[in-house]
1. Given H placed on each backbone N at 1.01 Å, which residues far from B:CYS182 in sequence or on other chains put an amide H within less than 5 Å of it?
2. Given a 10 angstrom Cα cut-off, can you work out which residue in B:THR68, B:THR397, B:THR154 is the most mobile in a GNM of chain B?
3. Region B:22-71: which GluC sites (Glu not before Pro) are DSSP loop and have at most 15 other beta-carbon atoms within 10 angstrom?
4. Looking at the calculated P(r) for region B:237-360, what percent of the C-alpha pair distances fall above 21 Å?
5. So how strong a dipole does region A:53-305 carry about its Cα centre when Lys and Arg Cβ are +1 and Asp and Glu Cβ are -1, to the nearest 20 debye?
6. Treating only the Cα positions of region B:14-82 as identical point scatterers, give the base-10 log of I(q)/I(0) from the Debye formula at each q in 0.17 Å⁻¹.
7. What relative contact order, as a whole-number percentage, does chain A give when Cα pairs under 8 Å and 6 or more residues apart are counted?
8. Cα centroid distance between region B:57-97 and region A:253-305, in Å?
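Since every read-out is calculated from the coordinates, none of them should be taken as a lab result. Computed from a prediction, not measured in an experiment: that's the story for all the values here. Every residue, glycine as well, gets a Cβ built from its backbone with ideal geometry; the counts of neighbours run over all protein chains shown.
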Number of protein chains: 2
Amino acid sequence: MLKINENFQKLPGSYLFAETARRTKAYQAAHPEREVIRLGIGDVTRPLAPAVVSAMRAAAAEMGVQETFRGYGPDFGYDFLVNAIREGEYAARGIQLDYDEVFISDGSKCDVGSIQELFSADARIAVTDPVYPVYVDSNAMAGRLGDFRDGRWTRLCYLPCTEENGFVPPLPDREVDVIYLCYPNNPTGTVLTRAQLKPFVDWALAHGAVIVYDAAYRAYITEEDIPRSIYEIEGAKACAIECCSFSKTAGFTGTRCAWTVVPHEVRGQGADGAPVELNALWKRRMATKFNGVSYPVQRAAAAVYTAEGQAQIRETIDAYMRNARAIREGLAAQGYRVFGGVNAPYIWLRTPAGIDSWAFFDLLLEKCQVVGTPGAGFGPSGEGYFRLTAFNTYEKTMEAMERLAALG
Amino acid sequence: MLKINENFQKLPGSYLFAETARRTKAYQAAHPEREVIRLGIGDVTRPLAPAVVSAMRAAAAEMGVQETFRGYGPDFGYDFLVNAIREGEYAARGIQLDYDEVFISDGSKCDVGSIQELFSADARIAVTDPVYPVYVDSNAMAGRLGDFRDGRWTRLCYLPCTEENGFVPPLPDREVDVIYLCYPNNPTGTVLTRAQLKPFVDWALAHGAVIVYDAAYRAYITEEDIPRSIYEIEGAKACAIECCSFSKTAGFTGTRCAWTVVPHEVRGQGADGAPVELNALWKRRMATKFNGVSYPVQRAAAAVYTAEGQAQIRETIDAYMRNARAIREGLAAQGYRVFGGVNAPYIWLRTPAGIDSWAFFDLLLEKCQVVGTPGAGFGPSGEGYFRLTAFNTYEKTMEAMERLAALG
């Protein structure tokens, strides 16, 4: 009989957001008269920008006309979008990328989940802790993380981020081959300054490691000293792959478009010991297992870089950040220890003494009908913390703060 | 230094269609005055159906309005599309599928490339030969195929399909765990009748193997006795995964939508020897490394199943099949031995005696300015054959036939 990939069986049973959804649903079934306010999942709620919708509709119309119909697009994205990203996201910040270093995809989750296919089966992985689960699960499925015991993978290097170290991860204390960093951070909402990020680039260069840098929340950065791209750090083009997305920047969670940068200078070691460009491997991977992003979606994404597109997405991001501020300030006024929310749409708070993160989830659901996400779901160092998101409406966000205040 | 996945280095150097494109480009550069007719790549050329375009435009407009905006969709597809497929593709043929057995994706290439993640690292693979390269390359990248020597993978079981056996593959002559079948076949354009497919299902059931059945060209079937789905064969729901696509059915090569069926009854063996549903593993894989298909694209795909959508796509398929007939009959009249083209948009022909498939490619390009695809590019048993596609216009297709006739 066909044997399955046994690594799947090592994964812990229930997916975090499946469990929070299950508890929420059970509560609502028992209390149908109470209105639940959701500050849990990191999904946007405001409509696409008019410039984006207009571009997508125009491109859909093109697909219905013989002269303008498009079949398979270029494997790695249309030049109009690749160049808009090179210009709007990188050249505008003094970063020059080659045309074939930018790969368009249908989502950052897909790319950060698949990038590990380029690494050897025994590559040693490090992640910040707490962490977005995809980096961990995708490597666990490939058998790189050992076994899951007592809430930890035996072969994974955890870099704890807690109030005690100001949410600045320590450098790895052992040899690792790959470091996943996500900044602005999901789930903590915290950031690294250029000075705090630089040691990671230096460490990677010194140790021959590769950094996978997830910058999905870069558009939420408000402070000057915070890098929007890891390539703002000297040397990063020789050691870092960067994954970005239109999901949070332009509300594309249901529209699906993203990009990944794999600079030519980033290399690994081949079987014969010679250096190999990861760019060439990623091209082969994408050409073999992917077939491009929908043309109307690529047109929609390119419209983000028009003047009106930029103004419109800025307005939406500002609205979310107004919510973030309301949550941050509201919780602080209530005596919570609060982090993030300045350069990210996530607020990370310490649960009250003696209440673990799942108990706090249940408490908020039952007493306030507010749904958040327990920190323990993001990794061992997430215990004792809780995540709230800024993606609901301002009115609901304010009401949630009032309900929490009434909790006392 | 990070070690790369060394299996990438075992892949043969140049991708088939990259090489045909390179030679075509070189020829055109040398002869800019001559018009090349492309019957090479399997990409559609006719516009999307009006019903499809209209649905996509309406859905794009919804995304721009607060009340109808949609963020992340359901992980495995919207119910309106899943149910349209269950009804239109399966129930209409007497096949009942559970709601959670159908998974919407952005392309069959992605699914047939990724399905191997569910199999153990040492699973034994069989493919028909010649074959669509993704089944082979995706397993080679995962290290299952051994080494590539003299044009063959040392650990891959080839099932040759040639004129001698009527393009009906033999059953595996050794134990294998997975058999990839593509019918109607790419590249040969040939099909299996129900009676010819049944022994594969029986073999898989008897040997505990799984069939990955790629039915991307099912909409081109014209003959009654040819199964549109492997689930028309008794027992297939216990051993077969089926991948289908809107690419060729409805011209979605640049729009991107597909589906994969993983019945609950299809099982593999876990580390402890107990059977495990591949359905559960695929759910976990897709929830971890994929984030759904663009909402407007899913609405576009669902419009294929409206009465007008069905009539419109039928008209397009009929036009392509008129080309297929013209190629088939034209070549036969010229004395070629011709296969396929009756239930598929591909025509497979024997190259003239003494001319191998790459030499025939060069000959057609240079003497007729017609581009096809050399059979050897699809596997060792493709040598001596050549593929032409029915996706150009009728006028260009007829002109290509005239040019070939003049070749004599």
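1. B:ASP214
2. B:THR68
3. Details: sites: B:GLU33, B:GLU35, B:GLU62, B:GLU67; in loops: B:GLU33, B:GLU35.
Listed in order of number, the matching sites are B:GLU33, B:GLU35.
4. Working: 4741 of 7626 pairs.
Across region B:237-360, Cα pairs with separations above 21 Å total 62 percent.
5. Working: 24 positive and 33 negative charges, 116 e Å.
With only Lys, Arg, Asp and Glu charged at Cβ, the dipole is about 560 debye.
6. Values returned for q = 0.17 Å⁻¹ are -0.80.
7. Numbers: 769 pairs, mean separation 94.2, N = 408.
Taking the mean separation of contacting Cα pairs over the length of chain A, I get 23 percent.
8. When both Cα centres are located, 28 Å separates them.
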